[in-house]
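The block underneath contains the structure these notes are about, expressed in structure tokens.
The values are calculated or read from the model by the stated rules, or taken from the named source; none is laboratory data. What you see is a predicted model; the values in this text were computed from it and never measured. Note that each Cβ is placed from the backbone with ideal geometry, even for glycine, and that neighbours are counted across all protein chains shown. Accessible surface is based on the protein model in full, side chains and every heavy atom, while ligands, DNA and RNA are left aside. Shrake-Rupley method; radii C 1.70, N 1.55, O 1.52, S 1.80 Å.
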Amino acid sequence: MTDAPHLLIAWHSRTGGSEALARAAAEGAASAKLLAADDVTPKTLHAAGGYLFVGPENLAALSGAMKEMFDRCYYPCLGRLEGRPYATIICAGSDGENAQRQLDRIATGWRLKRVADPVIVNTAAQTPEAILASKTIAPDRLAEARDLGAALAEGLAAGIF
């Protein structure tokens, strides 16, 4: 008997918000592999059965570290991840929609299959001081991330995705 494919939670955080959300998702998905974007490799992407990408929006785009992870892994994974499930959590100071669109375009290139609605957590950080400050994520949003992680891991384990 082989193990069920695991969920890879790939994250980047500059001020702690995305990290808190990724860790909450990992708590919900006890069997998930939690990796900082800098540590994700094509091999870890190939080994996973599905993905939760968690990162901040910076200047209306994915954070540089998240984008660099995709840049580094895109071509080695092209044609090798098709049909695998994915979901996203974006932590943003205002709207987060552009980072979400950017990530979805990358996932479309890999032919991943979105299995949950996008989650965008708005911290309302609008001043330079608030933008640079450590983020505290509301308990209900952490619970949402925890539930998403659990649902993704359970769906993978049950062969639903």
Worksheet entry | Net length gained if the chain between D39 and D140 were fully extended (0.36 nm per residue, minus Cα distance) | 33.5 nm
Discussion item. With angles folded into 0 to 90 degrees, how steeply does helix 97-110 sit against the dominant principal axis of the chain? Use alpha carbons for both and round to 10.
Written reply: 20 degrees
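According to the square roots a ≥ b ≥ c of the eigenvalues of the Cα gyration tensor, what is the shape class of the stretch 24-73, taking rounded for a/c under 1.5, prolate for a/b larger than b/c otherwise, and oblate for the remainder? Please report the intermediate quantities before stating the final value.
Details: a/c = 2.65, a/b = 1.33, b/c = 2.00.
Cα axes put the stretch 24-73 in the oblate bin.
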Worksheet, complete the sentence: With a 1.4 angstrom probe the carbon and sulfur portion of accessible area for the stretch 1-105, in percent, totals 50 percent
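Measuring with a 1.4 Å probe in the full set of protein chains, what accessible area per residue, in whole Å², belongs to the stretch 1-150?
On the way: 7290 Å² over 150 residues.
Accessible area per residue: 49 Å².
Per DSSP H run of at least 4 residues, take -39500 (n - 2.57); add these up for the chain, divide by its residues and hand me the 222 nm value, nearest 500 deg cm²/dmol. Intermediate values should be presented prior to the final figure.
Numbers: 6 runs with 71 residues, N = 161.
Taking each H run of at least 4 residues, the total per residue is -13500 deg cm²/dmol.
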Item to complete: Output the peptides 31-41, 141-151, 121-131, 53-63 sorted from most to least packed, where packing is the average of other Cβ atoms within 10 Å over each peptide's residues.
Response: 53-63, 141-151, 31-41, 121-131
Response to the item:
Ranked by GNM mean-square fluctuation in the chain (Cα springs under 10 Å), the top entry among D71, D140, D95 is D140
